[in-house]
Amino acid sequence: QLTALVRKYASICNNMELTNCLWAFATLDMRNEEDTILRLLETAVEHIDSFDARCLSVSAWALAKMGCTERQWSWCRFWADVTLKKLEEFDTRDMTMVVWAFG
């Protein structure tokens, strides 16, 4: 299965690959793949400082769209901290996605 491969290889994904996986899961509304989403999230947190504005915004959007709330998983603080550090890199689209995700 594809999701098993995503879980298996998540640890070697770069920030864009992690973001693309999260985006794909959110776009396909694959909320039932909690183990895979959690694995991607854990790996993303490990590499969050390497995320650029687009990866931060798209991954935040994807996590929020899949219903990953701060109460369930404390991912928001990591994204918020890095977003604040890189705020000057954000264009309007990126900022809109982050605001929506944190809203």
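For Trp75, all conditions in the list (1) more than 23 Å from Ser11 (Cα to Cα); (2) under 10 Å from the mean Cα position of the chain (by Cα) hold save one; what is the number of the exception?
(1)
Assess whether Ser57 counts as being of a type in the set (Ser, Thr, Tyr) and in contact (Cβ under 8 Å) with a residue 24 or more places away in the chain.
The answer is yes for Ser57.
Here is a list of conditions, (1) exposed (fewer than 15 other Cβ atoms within 10 Å of the Cβ); (2) in contact with a helix residue (DSSP H, G or I) (Cβ under 9 Å, 6 or more places away or on another chain), and Leu28 meets all of them except one; can you say which number that is?
Against the list (1) exposed (fewer than 15 other Cβ atoms within 10 Å of the Cβ); (2) in contact with a helix residue (DSSP H, G or I) (Cβ under 9 Å, 6 or more places away or on another chain), Leu28 comes up short only on (2).
All of the numbers you see were taken from the coordinates with simple rules; none came from a lab. Predicted model only: the values in this text are computed from it and were never measured. Using ideal geometry, Cβ is built from the backbone for each residue, glycine included, and neighbour counts are taken over all protein chains shown.
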